[in-house]
Amino acid sequence: MSDALRERLVRHGQDHLLDGWEQLETGPRQRLLSQIESIDWAGLEQRLAAGDSLDPLAARLEQIVASGQLSGLPHLIRQAGAGEAATESRRAAEETGRQMLASGRVAVITVAGGRGTRLGWDRPKGLLPVMPVSGRTCFEHFAATIRTRGRRAGRRLPWLVMTSPATHADTLAYFREQKHFGLDPDDVVVFQQGVLPVVDAGTGRVLLSAPGEVAQSPDGHGGLLEALWTAGLLEWLKDREIDTLFYHQVDNPAVALAAPDVLGWHRLGRAQVTTRVVARRSAEESLGVVALVDGKVRIVEYSDLPARTAAATAADGSLLLWAGNTAVHVFDREFLEGVGSAALPFHRVHRIVPHVTSHAAEELVIPTAANAVQFERFVFDLLAFADVGLVVESDRGSEFLPVKRASGEDSLESARSGLLQLYGRWLEAAGARIGKGARVEIAPEWALTAEDVQGKIEPGSVLEGSVVLGLDTMPDQAAD
Ligand code: UTP
């Protein structure tokens, strides 16, 4: 090992990583050294120096709320608003969105680099068999939606999937094994985000995940920006004349993926960033809040928001910060180019991180409470750079059924049952009935919205048993 490397670690207060390294075999020793070489130690020191104080944006929002100065969201489209004007505006948006899809200006970005620690599943979340009857995985379901949108638009819809070292190999193998789900491999790009070292929350010293291995974690969904630059994908999109990106997370199977209405509103509203929101379920819900801060629409992550601010209420008892971020966005490509690759700030995320105490340790320490800090960039910090941040409200049960935990709210079970209820509502709106105990899933190939179901099913018909409309029944009606 070079003196320069040791000296660098000493300078940054991280030379404990070399304690006992001589005891490692040659291979692991080399891997450790090249891992240490690859880390930006000065960058880590800067992040550590920022300390554990309240995130500046969260602090500002706290101040605004406490002083009673919070204003309503500008550029807000409320879907609940019925009436002719709302319907007209929606129609216009849908028409614009359809034209955008038909002219090939849109691509989908799925972020799938997270490790899903709260879920406790050891494979990438995209491989979760989330669909309630077919058992289709998140990726299969999204691919079916992308195929269907492309077919309707008469143009292929490119799909960019961001992974991390934690999910990349499994995801890539799965895409290959599934032959890209029938999509043209030229239209599917799986690319990796970066990683950053994980530190002990008390000391700031970098942890070891195993003997000979520095603990690292993906750099947050906001790592997307740097990853797009590094992989040359902004150029790739430009070459294809794609100017609009529909962004979503891998763990929300109810997402209305590349829905024409939101694309159209984004374009008609001349927004650089559009965000779908839902009403927050409670003050405690783990959902970022969307609010106006010093003239800009901004999002503060739940983990950064002080509890009293998250719980602040209006005179009628409703939550002041009512709008929850569903992590569905539309971004302009040119806007992303203008922001540059490294502009987003880092946030401290406290996590339980198993680790070893030395290169000679045989036992993994599994803490019971958060022991470590990860540094993450959040994609919604892009809003700081946007002149127009548009907010589109959605109905929670229709578009937001995230899979975050092993049981209870926001679990695989709650998402599956939410999907069954959603499809039930679509069918009932078209005049059909779901028999007692029946489980009906709707494949994207058959219908993407409640409106698509109208006219596809005989009013008065009763659906029984476990069926997937569009996959295993009604083949005569399955044509899209
Ligand atoms: P979450 O913040 O919910 O994280 O990610 P997670 O990894 O899925 O689960 P926990 O928090 O460890 O339990 C929201 C979305 O952002 C993606 C995830 O894959 C998910 O789609 N994400 C998160 C990334 O792509 N990269 C990251 O570094 C973090």
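Where a number appears in this text, it was derived from the coordinates with a stated rule and is not lab data. None of these values were measured; they are calculated from a predicted model. Neighbour counts run over all protein chains shown; Cβ positions are idealised from the backbone, glycine included.
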Residue hits (segment 112-169; within 24 Å of THR230 (Cβ to Cβ) and in a loop (DSSP other than H, G, I, E, B)) are ALA112, GLY113, GLY114, ARG115, GLY116, PRO124, LEU157, PRO158, SER164, PRO165, ALA166, THR167
Does segment 88-137 hold any residues that are within 16 Å of the ligand (Cβ to nearest atom), among the hydroxyl-bearing types (Ser, Thr, Tyr) and out of contact with any Gly (no Cβ under 7 Å at 6 or more places or on another chain), and which are they? THR110, THR117
Considering only segment 1-58, how many residues are free of Cβ contacts under 8 Å to residues at least 12 places away in the same chain and crowded, with 16+ Cβ neighbours inside 10 Å? 0
Filtering segment 193-202 down to residues that are surrounded by fewer than 20 Cβ atoms within 10 Å (Cβ to Cβ) and touching a helix residue (DSSP H, G or I) at 6+ places or on another chain (Cβ under 8 Å) yields GLY194
When residues of segment 338-363 are limited to those that are assigned to a loop (DSSP other than H, G, I, E, B) and touching a strand residue (DSSP E or B) at 6+ places or on another chain (Cβ under 6 Å), the one surrounded by the most Cβ atoms within 10 Å (Cβ to Cβ): VAL353
Can you find, within segment 30-63, the residue that is farthest from VAL199 (Cα to Cα) among those that are part of a helix (DSSP H, G or I) and in contact with an Asp or Glu (Cβ under 8 Å, 6 or more places away or on another chain)? ARG60
Log entry, pairs with first residue in segment 111-139 being touching a residue at least 12 places away in the same chain (Cβ under 8 Å) and closer than 16 Å to ARG351 by Cβ, second being more than 12 Å from the ligand (Cβ to nearest atom) and of a type in the set (A, V, I, L, M, F, W, C), beta carbons closer than 8 Å, six or more apart or on different chains, reads LEU119/LEU412
Could you grab me the full set of residues in segment 217-233 that are within 11 Å of the ligand (Cβ to nearest atom) and out of contact with any helix residue (DSSP H, G or I) (no Cβ under 7 Å at 6 or more places or on another chain)? SER217, PRO218, ASP219, GLY220, GLY223, ALA227
Among (1) part of a helix (DSSP H, G or I); (2) closer than 26 Å to GLU45 by Cβ, which single condition is PHE335 missing? (2)
